[in-house]
């Protein structure tokens with residue numbers, strides 16, 4: 001038989017402990033390996049808010065698993081997903097030959113880049129933070145008589161128009 005590349009995406013409950021999520025991932029990876037497949041990459045996302053409630057849940061943890069197997073192993077995984085209570089929703093798709101087989105590495109690199117940018121922004125803001133001193137702000141400066149608003153002239157004109 002010919003082995004094909006697949007991607008399984010499934011959502012588990014967000015309130016599960018890390019050990020429980022890892023146990024669920026191991027259970028489904030075991031189903032793939034028992035069918036003669038090879039799990040290339042498993043990416044566990046942080047809890048996310050769902051677009052709509054699924055089985056009365058508003059949040060879930062997404063798990064993306066890339067694997068290579070025969071169609072029979074994929075079908076068995078599909079059957080197990082359908083009868084399992086620990087998966088809120090799932091989807092198994094056949095991957096294109098040009099698809100990225102290790103998305104967790106790409107996500108980790110992107111996360112690392114975001115953290116570096118955030119640290120650089122925080123350092124830049126800290127270096128430009130206003131220094132507490134006795135310096136006056138623009139609104140605290142005394143006004144010169146040349147730049148002071150002519151309030152007396154407007155009140156005189158207002159009182160003249162009332163008479």
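Bear in mind these aren't lab numbers, they're just calculated from the coordinates by the rules spelled out. In this text, all values refer to a predicted model and were calculated from it rather than measured experimentally. Heads up, the Cβs are rebuilt from the backbone with ideal geometry, glycines too, and the neighbour counts pull from every protein chain shown.
Some observations on this one:
- Top-ranked residue in segment 77-95 [being in a helix (DSSP H, G or I) and out of contact with any helix residue (DSSP H, G or I) (no Cβ under 6 Å at 6 or more places or on another chain); ranked as surrounded by the fewest Cβ atoms within 10 Å (Cβ to Cβ)]: 83
- Every condition in (1) under 24 Å from the mean Cα position of the chain (by Cα); (2) assigned to a helix (DSSP H, G or I) is met by residue 30 except one, and the failing one is (1).
- Single residue of segment 5-27 satisfying the filter (under 21 Å from the mean Cα position of the chain (by Cα) and assigned to a helix (DSSP H, G or I)) that is surrounded by the fewest Cβ atoms within 10 Å (Cβ to Cβ): 18
- Test: residue in segment 33-54 that is part of a helix (DSSP H, G or I), touching a helix residue (DSSP H, G or I) at 6+ places or on another chain (Cβ under 9 Å) and surrounded by fewer than 18 Cβ atoms within 10 Å (Cβ to Cβ): yes
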